[in-house]
1. What is the distance in Å between the Cα centroid of region 1-62 and that of region 67-85?
2. Can you work out the Karplus-derived ³J(HN,Hα) for every residue in region 80-93? Use 6.51 cos²θ - 1.76 cosθ + 1.60 with θ = phi - 60°, whole Hz, and x for glycine or proline.
3. Assuming R0 = 22 Å, what is the FRET efficiency of residue 81 and residue 19, from their Cβ-Cβ distance, to the nearest 0.05?
4. Please arrange 138, 11, 3 by counting, for each residue, the other beta carbons lying within 10 Å of its beta carbon, fewest first.
5. With charges only on Cβ, +1 for K and R and -1 for D and E, what is the dipole size of the chain about its Cα centre, in debye, rounded to 20?
Amino acid sequence: MRRAAELAAIRNAYRVLVVLWAGSLWSLALWVAPTLFFAQPDRHLAGLLAARLFAAETYLGMAVAALGLAFAGREQLRAVYIAVALLALNEWIVKRLMEQAHLEGTALGLSFGAWHGVSAAGYLIGCILVLWVIWKGRL
């Protein structure tokens, strides 16, 4: 009986963690990053700061997903794992292509703006997936 209560408390704490992570994902995209570009006249610096914050979200998401692996029924978190995979692709692949396109004018035939759009779409899909998991109560 006590063990069941402890497991329920751990699962509830995990739910709170996922909700907080979802809030940070959405707030970064909707308010923090746009505010950086509004408040910082140097767009390059604003972009570097935003990139650091998006990287932090990736690592936070990886930690949340890793903790989710500890639970039975973790297949219900599949959308969380896909969201983290999208963030990781953004961080380790798309970000490099954006940097190359910024420096050279193109990367794999796409401009910086196009790669930025790919990155934004991946991030948005990840945000929606995490929101969907919370909405469906799959935690």
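1. 17 Å
2. 3J(HN,Hα) across region 80-93, in whole Hz: 5, 5, 5, 4, 5, 4, 5, 5, 5, 4, 4, 5, 9, 10.
3. Values: r = 17 Å, r/R0 = 0.78.
Working from the Cβ atoms, E equals 0.80.
4. Working: 138 16, 11 13, 3 7.
The most exposed by this proxy come first: 3, 11, 138.
5. Values: 12 positive and 7 negative charges, 136 e Å.
It comes to approximately 660 debye.
Taken together, the values in this text are just the output of simple stated rules run on the coordinates, not laboratory data. Treat the numbers as computed from the prediction; the structure is a model and nothing was measured. When we count neighbours, we look across all protein chains shown, and the Cβ atoms used for this are built from the backbone with ideal geometry, even at glycine.
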